[in-house]
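Below you'll find the structure, written out as structure tokens, and then a few comments.
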């Protein structure tokens, strides 16, 4: 199933196999994927590319996705999705407080991810319409 809108998705995941599977999945949906395996690599890559959605692991080898999202300064709204092996209510709440719109528990349910990506595309389209009206 291809999305109605092609998105530019940044995948931050330190497990190479998981990162590859996620990249292949979003590209199969018709999206463009950018990937990084660490916070330091992500910081460098994000300077080079514009993206619509951030799909970020929480527990990374060089820090936490929660702290990373809060440290970023975006020029436009970013639709952020957290991924973690832990899905406790506390972790889900911490993800929301950090600015993530969703908290997916690993292993990732790809049907749910697809739904969230569609939601993200609709949200971004609404943001673009609002911006056009206000200009």
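Residue exposure proxy: 48, 125, 106, ordered by other Cβ atoms within 10 angstrom of their Cβ from fewest to most, comes out as 48, 125, 106.
Every helix of 4 or more DSSP H residues in the chain counts as -39500 (n - 2.57), and over all residues that averages to -15500 deg cm²/dmol at 222 nm. Its alpha carbons considered, region 39-87 gives a radius of gyration followed by a Dmax of 10.8, 32 Å. Checking [x] 1.03; [y] 0.94; [z] 1.48 against the coordinates, the calculated Rg/Rh (Cα atoms, Kirkwood Rh) falls under label [y].
Can you put 40, 56 in order, fewest other beta carbons within 10 Å first?
Taking fewest neighbouring Cβ atoms as first place, the list is 40, 56.
Rounded to the nearest 10 degrees, the angle from helix 89-98 to the longest Cα principal axis of the chain is 50 degrees.
Compute the relative contact order of the chain as a whole-number percentage, counting only Cα pairs closer than 8 Å that sit 6 or more residues apart in sequence. So the answer I get is 20 percent. Rounded if a/c is under 1.5, else prolate if a/b beats b/c, else oblate: with a ≥ b ≥ c from the C-alpha gyration tensor eigenvalues square-rooted, which is region 57-123? Since a/c reaches 1.5 but b/c is at least a/b, the shape of region 57-123 is classed as oblate. Please report how far the C-alpha centroid of region 9-76 lies from that of region 107-135, rounded to the nearest whole angstrom. Measuring centre to centre over Cα atoms gives 17 Å. In terms of other Cβ atoms within 10 Å, 100, 51, 34 run from fewest to most in the order 34, 51, 100.
No lab work stands behind these numbers, since they all come straight from the coordinates. Since this is a predicted model, take the numbers as computed values, not measurements. Reconstructed Cβ throughout: ideal geometry from the backbone, glycine too, with neighbour counts over all protein chains shown.
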